[in-house]
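The block underneath contains the structure these notes are about, expressed in structure tokens.
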Amino acid sequence: MIKIDKIDDGLPISVIIPLSEKREKFFYEYVYPLIEINNPNEIIINNYKGLAPKKRNIGFDKSTQPYVFFCDDDILLPNEYLLKLYNILNKSTNIGYVYTGYDGIVLHPETHPMKGNFEIKSNDFNANLLKKTNYISTMSLIKREVFPRFDENLKRFQDWDIYLSMLSNGVVGKFVKDLRFMAYYIDSGITANNNDMYDAYRIIKHKHNL
């Protein structure tokens, strides 16, 4: 089922969430209220069974706003997070998206690859660095017209793939260093899946001729 909530006079942003059944309670108790406080015009929740990339693409097809923000179902946004990103992106004609770092809170370090809480500081945008490593989170505010869609055939690094695809189209991003969100890992999470990281890395490198 796809649920679309509208907020009158909200920011011209569609927030798109691929919701998993096992995180539904946590999402509606903690994640959704913080998204709502951030005041996007549109909140699209896709809880159909399936992988996140496809659910995100379906949500995007249902969206109507000129800016999109793909939000995982375990992300806690600070107040005015979207507004601050929007104010930067809306005034910029030479960038296609803005992004931040984040803090990871891990409830089950014994099963999570990070083995405990962690901080992802990210970096200023650098095309050469982006070609070498995945350092930009999925949770970025993106101009609708430059979004290339998630590759539903990829098992890992779908976020890295969209930024590399945008780069190949001449689209760059901007890092907002004084802002961050919190990723709250209540289970092992997507990052801990069994898909081989090195094989996934090789696939991305081959796809983008890196």
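Read-outs throughout are calculated quantities, based only on the coordinates presented, and are distinct from any laboratory measurement. All values derive from a computational prediction rather than experimental measurement. Cβ coordinates were reconstructed from backbone atoms using ideal geometry, including for glycine residues, and neighbour counts include every protein chain displayed.
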For this session: Evaluate the relative contact order of the stretch 2-207 (contact order divided by residue number), counting alpha-carbon pairs under 8 angstrom at least 6 apart; express in whole percent.
Result: 24
Exercise. Which far-off residues, 5 or more places away or on another chain, put their amide H under 5 Å from the one on F70, with H placed in the peptide plane?
Worked result: I16, S140
Exercise. Using a simple spin-label model with points 7 Å from Cα along the Cα→Cβ vector, what separation in nm is obtained for E119 and N134?
Worked result: 2.3
Problem set entry | Derived scalar couplings ³J(HN,Hα) [the stretch 9-15; Karplus, 6.51 cos²θ - 1.76 cosθ + 1.60; whole Hz; x for Gly, Pro] | 6, x, 4, x, 10, 9, 8
Exercise. Among V68, V176, which comes first, second and so on when ranked by fewest other beta-carbon atoms within 10 Å?
Worked result: V176, V68
For this session: Return the sequence-ordered ³J(HN,Hα) values of the stretch 40-51 in whole Hz as given by the Karplus equation 6.51 cos²θ - 1.76 cosθ + 1.60 applied to θ = phi - 60°, using x for Gly and Pro.
Result: x, 5, 9, 10, 10, 10, 10, 10, 4, 5, x, 7
Exercise. Considering only Q65, I2, Y81, whose Cα is most displaced toward the positive end of the charge dipole of the chain, charges sitting on Cβ of Lys, Arg (+1) and Asp, Glu (-1)?
Worked result: Q65
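Order of R144, R180 from fewest to most other C-beta atoms within 10 Å? Let's see the in-between values first.
Numbers: R144 16, R180 19.
By the 10 Å Cβ count, ascending: R144, R180.
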Exercise. Rounded, prolate or oblate: which fits the stretch 57-97, taking a ≥ b ≥ c as square roots of the Cα gyration tensor eigenvalues, rounded meaning a/c under 1.5, else prolate when a/b beats b/c?
Worked result: oblate
Exercise. Which one, [x] 124, 56, 40; [y] 52, 45, 34; [z] 45, 42, 32, gives Cα extents along the principal axes in Å as derived from the coordinates shown?
Worked result: [z]
Problem set entry | Helix-only CD estimate at 222 nm, as mean residue ellipticity for the chain, using -39500 (n - 2.57) per DSSP H run (n ≥ 4) | -7500 deg cm²/dmol
Exercise. If you add up the charges near S137, with Lys and Arg at +1 and Asp and Glu at -1, over every other residue whose beta carbon is less than 13 angstrom from its beta carbon, what do you get?
Worked result: -3
